[in-house]
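Below: one structure, written as structure tokens.
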Protein chains: 4
Amino acid sequence: MEQSASKKEVEAIIQAIEAEGLQAFLNLGVERSVIAILGVVGIEKSELSDKWSVFPGVERISHVSEPYKLANRAQKPKGTVINIRGQKLGAKELIVIAGPCSVESREQTLAIAESVKAAGAHMLRGGAFKPRTSPYAFQGLGEQGLQILAEARDLTGLPIVTEVMDESDCDIAVRYADVLQVGARNMQNFRLLKKLGTVKTPILLKRGFGCKVEDLLMAAEYIMAAGNHRVILCERGIITFENATRFTTDINAIPVVKHQSHLPIVVDPSHAAGDFRYVSSISLAAVAGGCDGLEIEVHNNPKVALSDSAQALTPDKFAELMKQIKRVAEAVDRTVSTIDK
Amino acid sequence: MEQSASKKEVEAIIQAIEAEGLQAFLNLGVERSVIAILGVVGIEKSELSDKWSVFPGVERISHVSEPYKLANRAQKPKGTVINIRGQKLGAKELIVIAGPCSVESREQTLAIAESVKAAGAHMLRGGAFKPRTSPYAFQGLGEQGLQILAEARDLTGLPIVTEVMDESDCDIAVRYADVLQVGARNMQNFRLLKKLGTVKTPILLKRGFGCKVEDLLMAAEYIMAAGNHRVILCERGIITFENATRFTTDINAIPVVKHQSHLPIVVDPSHAAGDFRYVSSISLAAVAGGCDGLEIEVHNNPKVALSDSAQALTPDKFAELMKQIKRVAEAVDRTVSTIDK
Amino acid sequence: MEQSASKKEVEAIIQAIEAEGLQAFLNLGVERSVIAILGVVGIEKSELSDKWSVFPGVERISHVSEPYKLANRAQKPKGTVINIRGQKLGAKELIVIAGPCSVESREQTLAIAESVKAAGAHMLRGGAFKPRTSPYAFQGLGEQGLQILAEARDLTGLPIVTEVMDESDCDIAVRYADVLQVGARNMQNFRLLKKLGTVKTPILLKRGFGCKVEDLLMAAEYIMAAGNHRVILCERGIITFENATRFTTDINAIPVVKHQSHLPIVVDPSHAAGDFRYVSSISLAAVAGGCDGLEIEVHNNPKVALSDSAQALTPDKFAELMKQIKRVAEAVDRTVSTIDK
Amino acid sequence: MEQSASKKEVEAIIQAIEAEGLQAFLNLGVERSVIAILGVVGIEKSELSDKWSVFPGVERISHVSEPYKLANRAQKPKGTVINIRGQKLGAKELIVIAGPCSVESREQTLAIAESVKAAGAHMLRGGAFKPRTSPYAFQGLGEQGLQILAEARDLTGLPIVTEVMDESDCDIAVRYADVLQVGARNMQNFRLLKKLGTVKTPILLKRGFGCKVEDLLMAAEYIMAAGNHRVILCERGIITFENATRFTTDINAIPVVKHQSHLPIVVDPSHAAGDFRYVSSISLAAVAGGCDGLEIEVHNNPKVALSDSAQALTPDKFAELMKQIKRVAEAVDRTVSTIDK
């Protein structure tokens, strides 16, 4: 609005905008007031200018557009639902992905798979290729790990989610996995993203801990622009000055993503907290906050886990949490189904 | 543990610790394993050393202590309940504090007070002294604002929460307010904290946006060390690189505070988000995550509010949110009562 | 520019802008190119629009203005020089303020004052009122501390810089101090800022560790709007995820402040690093980066200092650093004078 | 020290430590004092314990070790010098790497190469494979770009630095480049790091913008553990809440790296600032702060650059900066040589 615009002029245009069924939002500034009009997607810009620039007091009409196109909510206002062997991510059902950080052995993996299935999980996670900050740490079992995961799927019926670290992992991993995961440290590995755009398997894309929501959506855009539209976003904590937890769960990212994109979003409370004692609280918060699913680390013996032991739940604690998740999910009108093999 | 400690030795000591009813937590390191023992408050350190240093493989026994004493959970393992004109903060009941950012006029304040009361709020917030980042912005009505708040309390029965900015505000404010609020920018105004330690009114202490949970607890310690033990902590968002929202709600802080301190904690989703569209989602997340209460901005006409207009809910949206809050609160075994005048 | 603007049209307008002696800056976007014109302060906005909106391809002309007016570079393009008992801060001379964190005793303070004077410092710092994160830590000597500082000034001729924590400290402190310091935790204590606007003593305003440069300039604006235009800005480190140092020195803030404001800026490497081993490196970086001065902690016996012992230099190390500072200052065309009593 | 240790006991042990030629550092705590002894690398831990645990008041002796071994300063206290076609990085000479963000064309690259050579640069940078946050942005010329760079080297004698994004780029890139660069977004692409450990070309490893110095050193450790010990670290700005610049140059990282590692460190002021107006100031700060080199973006026509146009210097501005760099470098006892073809 013009600096000289009167209160009446401001009110008149707000009424006119709302009369069109649109949301008007007034920001009174010291020098100038700005009225934001929400929800005008699909209207030609020139049409927009013609309509409102004639009101007295209007200084100019701006048009804001985001750099991501395919991931933009405007593309699919009702949201995307991704079907993974019958499980629907992005729909009314809340999906819980559970399992160990790394596939350490056949026995461990099958035991955990059966536990999380019994507790009500919908998918099994487990890493065969492990990105580790220390070159001296356990690096994963590779293809042998994928075979163990496939056996766990045969046993339990749970679809499997596993991480790929590099273009070269993809061809092997797609032969086994139901969902390919991109780790936080690879969110801007653009070569990997492009490669994942050429596969048909859905992608679970973890947010880089130093990356904004907009960067996450741009990374999804990379995969989508290369042909694979089945992208699941994952909030797993960002890096901040707070060191009481390993990362800070950006709970705000849930409504922000829901507002800006049509892609489903899951939350990983285990990596976000880095401490099993906080996992239940964060899980319930994420469900009430509107996420479409959770990815939770469960280990049958966290004390001797080969990676990230501090953050894994025992199967017992996970089973207890699943009951609480069900109650909170229902309180926000979501369902938590049980899976038959 | 010694670098040379065997797996058996590690397991033996873990069993022994657990046999004492304590929690043992193993962290396998490349060079050395560390076993953390939780919950040994009240045991003499020398006693502790005697008990476990005799096990084979033990290298040394350390004792960790936090710099806050009075605010420490160890002081009151069952948590503190603060009674405010019959409302119990920190107990099973979830307390919702609602109202405008600033007291702008008698009419506005009374109208909002009646709306939030009708929607089920338990306390009324409103600022008479306003900290503003610009010297050219509205600075609050001062004592006249406090009188309006008191009138709103007479009308609705809602206890009132209002901010003090400086030692010199306290003497006036205690005559009117049921809870004195310390704003985020004043969390380390140590002179103010000491003064608040000398009053009998409960204090709602907002976390500084650049401050760790530990700093928040140290600020509470200041007030408590000076004599006022009735401190309510408030998470209102921290400053991070993410700019899709004004601040980042540190949802992890809820379980962290619950673990480290006996003080109740409320969450302010309005300042954390800076955008009314995200307030409902964050509110529900906070309730499911275990907070004891919420502080939400409500304005009868956000478009013309004199401060923070973008983040205030209308009374209608607030009433709708209260219904959702009730459902989520019950799903985590908390109650949301209604107040009779 | 219009989305359809040709490369020729873009170049034509850039040439025209530069022909006026202004700086044009092209930002090629996916959807639209933006040309920023710098340095048009003082030109009427309508005049600006008339001039360039006639070029083909131009979509619209925007005018950007910052929320701070008095602190804005536009007000005083040549910069502000603050004269403190003959020392000129903001001029060609680099000013070094040195001394202990707290005034602990007469002996300690006079000894340090003589040491830093001998080493070439231009002002003496020392805290009589100390903001401490723990209520159990040393809180300063109060007015007695100010008297000791005044005695140190008589002895050495060095002007004295001391912190005020609260409105109520100001009346006493102005009777002794040559510069009043506002600590980082009080940068947005607006009541204190307003009070400092009413005194005649120059203010050294430390940046809050969770505050942007823009917030710092708005805090300066508070003091200036209340009447005191002699404000010295101080970068002392911001809070980030990096924990190898206590805070992260925002070295970028030096050119940013120089670009946006006419106020002088000093850097405090001691609090920024929290570790004496890094102080020399950061000090030299700040001088080369263009700061107008440094504020460095020096203690005659850091091992037994009552506050911030880890970051203080010994007088010997400080004397050595002063020699290096002189060399670097001269390499960027600044002078480092010596003070006669 | 024991809680009950007397001041005398504390002083006695400090004297004894210093008598051995070691640095003792006292941290007086509320509950307990800690004396840190620096510089005892190479002494057996048991020897250490025997020596000082006998002093009265000593509670226990701890031994701190970092997770990086090969990159640790303790391995090479005098620092590593990397020889690149005769240029010595990590020695007394300051090395300036300059050139465009992307190789856009033969003409552009040769022209810039000649300009930066004439201005005194020591190496030429240019990207053939470009990581871009948007899939719709220019992605680089690939091998053709490498050929152009090699031609520029033939023309000017400047060694060339170019980025690899993926394992698969390495085999081609090593045939052309003198230094392989790892971008910030790939700092934890562990598969790429391992591959780079198998080549003989030196690696310039950029710090991830969300990563701590310790993470950077762990990434270097990956490359070194796989066999390539010639790693150059690069500080290029971290992500913080400050948005006046694109990233925040962590100037503290220079002394921290110098203290913890023997690897050379260069600073990239262009990406850190994201704004050409701040590049000179940050460059000079980095040199005075003790870096071993700079990597600066230079473009002959920044207004039409295909990437990062806002941050590139023109050849003229770069030539002017080189003169200032020389003066500051000499002020901290470094030399800036000129290169003969």
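Values quoted throughout were computed directly from the atomic coordinates according to the rules given, and no laboratory measurement underlies them. Nothing here was measured: the structure is a model prediction, and the numbers come from that model. For neighbour counting, all protein chains shown are included, and Cβ atoms are generated from backbone atoms with ideal geometry for every residue, glycine included.
Please figure out what share of the DSSP beta bridges in the protein assembly as shown is antiparallel and state it in percent, rounded to the nearest 5.
Taking every DSSP beta bridge with both residues in the protein assembly as shown, the antiparallel ones total about 30 percent.
Name the shape class, rounded, prolate or oblate, that the alpha-carbon gyration tensor gives for segment A:191-230, where a ≥ b ≥ c are the square roots of its eigenvalues, rounded holds for a/c under 1.5, and otherwise prolate holds if a/b is larger than b/c and oblate otherwise.
prolate
Enumerate by residue number the trypsin sites (Lys or Arg not before Pro) in segment B:158-200 meeting two conditions: DSSP loop (anything except H, G, I, E, B), and at most 10 other Cβ atoms within 10 Å of the site's Cβ.
Those that pass, being in a loop and sparsely packed, are B:Lys200.
By counting other Cβ atoms within 10 Å of each Cβ, how are B:Ile13, D:Ile254 ranked from fewest to most?
B:Ile13, D:Ile254
Quick one: order D:Asp250, C:Asp316 by neighbouring beta-carbon count within 10 Å, fewest to most.
So the ranking, lowest neighbour count to highest, is C:Asp316, D:Asp250.
Which percent, to the nearest 5, of DSSP beta bridges fully inside chain C are antiparallel?
25
Which of C:Ile265, C:Ile239, C:Ile160 moves most in a GNM of chain C, Cα contacts under 10 Å?
Ranking C:Ile265, C:Ile239, C:Ile160 by mean-square fluctuation puts C:Ile239 first.
Report the residue of chain A with the smallest Cβ-to-axis distance, using the rotation axis that brings A onto D, in whole Å.
Result for the A and D rotation: A:Gly210, 1.
Quick one: with label points 7 Å out along Cα→Cβ, list the inter-copy distances for A:Pro77 in nm, shortest first?
5.1, 5.6, 7.1
To make sure I understand the rule: partners must be lysines, Cα under 19 Å from the Cα of C:Lys258, and not fewer than 8 residues away in the same chain. Which ones qualify?
Reachable lysines: C:Lys69, C:Lys76, C:Lys78, C:Lys88, C:Lys92, C:Lys206, C:Lys212, D:Lys317.
With Cβ to Cβ distances under 10 Å as the rule, what net charge do the other residues near D:Met218 carry (K, R +1; D, E -1)?
-2
Say a site is exposed when it is one of the GluC sites (Glu not before Pro), sits in a DSSP loop, and has at most 16 other Cβ atoms within 10 Å; what is then the longest site-free stretch of chain D?
D:60-341
Let's test this: bin the Cα-Cα distances of segment A:88-139 at 10 Å from zero up to the farthest pair and state each bin's percent.
Taking every Cα pair in segment A:88-139, the percentages come to 24, 40, 27, 9, 0.
Based on Cα positions only, what radius of gyration and what Dmax would you give for segment A:73-206, in angstroms?
Calculated on Cα positions, Rg and Dmax stand at 14.9, 47 Å.
Would you mind checking which residues have amide H under 5 Å from C:Glu93's amide H? H placed 1.01 Å from N; only 5 or more apart, or other chain.
C:Thr335
Please check: in the Gaussian network model of chain B (C-alpha springs, under 10 Å), which one of B:Cys101, B:Cys170, B:Cys291 has the largest mean-square fluctuation.
Of B:Cys101, B:Cys170, B:Cys291, the Gaussian network model singles out B:Cys170 as fluctuating most.
What does the copy distance list look like for A:Glu151, label position 7 Å along Cα→Cβ, in nm and ordered from shortest?
Inter-copy label distances (nm, one decimal, shortest first): 5.7, 7.8, 8.2.
I'd like the distance separating the alpha-carbon centroids of segment C:218-239 and segment D:236-255, in whole Å.
Between the Cα centres of segment C:218-239 and segment D:236-255 lies a distance of 22 Å.
Helix-only mean residue ellipticity at 222 nm, the protein assembly as shown, DSSP H runs n ≥ 4 weighted -39,500 (n - 2.57), per residue, nearest 500. What is it?
That comes out to -10500 deg cm²/dmol.
Using the number of other C-beta atoms within 10 angstrom as an exposure proxy, rank B:Arg125, D:Arg153 with the fewest first.
D:Arg153, B:Arg125
Consider all pairwise Cα distances in the protein assembly as shown and report the whole-number % of them above 46 Å.
Summing the P(r) tail past 46 Å for the protein assembly as shown gives 39 percent.
One decimal, nm, shortest first: give the distances between the label point of D:Arg106 and those of the same position in the other copies, each label point 7 Å from Cα along Cα→Cβ.
Reported distances to equivalent positions: 6.0, 8.3, 8.5 nm.
Ratio of alpha-carbon Rg to the 2.2 N^0.38 Å globular estimate for segment A:254-341, to two decimals, please.
1.14
Calculate the dipole size of chain C relative to its Cα centre from +1 charges on Lys and Arg beta carbons and -1 charges on Asp and Glu beta carbons; express the result in debye to the nearest 20.
Roughly 400 debye, rounded to the nearest 20.
With θ set to phi - 60°, apply the Karplus curve 6.51 cos²θ - 1.76 cosθ + 1.60 along segment D:76-82 and write out the HN-Hα couplings as whole Hz, x wherever there is a Gly or Pro.
Ordered by residue, 3J(HN,Hα) equals 8, x, 8, x, 9, 10, 10 Hz.
In the Gaussian network model of chain A, springs joining C-alpha atoms below 10 Å, which of A:Gly127, A:Gly208, A:Gly289 carries the largest mean-square fluctuation?
So, out of A:Gly127, A:Gly208, A:Gly289, the one fluctuating most is A:Gly289.
Considering only segment D:64-192, what is the antiparallel percent among its DSSP beta bridges, to the nearest 5?
25
Normalised radius of gyration for chain A, please: alpha carbon Rg relative to 2.2 N^0.38 Å, two decimal places.
1.13
Can you tell me the 0 to 90 degree angle between the C-alpha axis of helix D:279-289 and the longest principal axis of chain D, rounded to 10?
Tilt of helix D:279-289: around 30 degrees.
Taking only the C-alpha atoms, wrap a convex hull around segment A:217-286 and report its volume per residue in Å³ as a whole number.
In segment A:217-286, the Cα hull volume divided by residue count equals 92 Å³.
5 Å is the cut-off here: which amide hydrogens, built 1.01 Å from N in the peptide plane, fall below it relative to C:Arg125, excluding neighbours closer than 5 in sequence?
C:Ala98, C:Gly99, C:Val161
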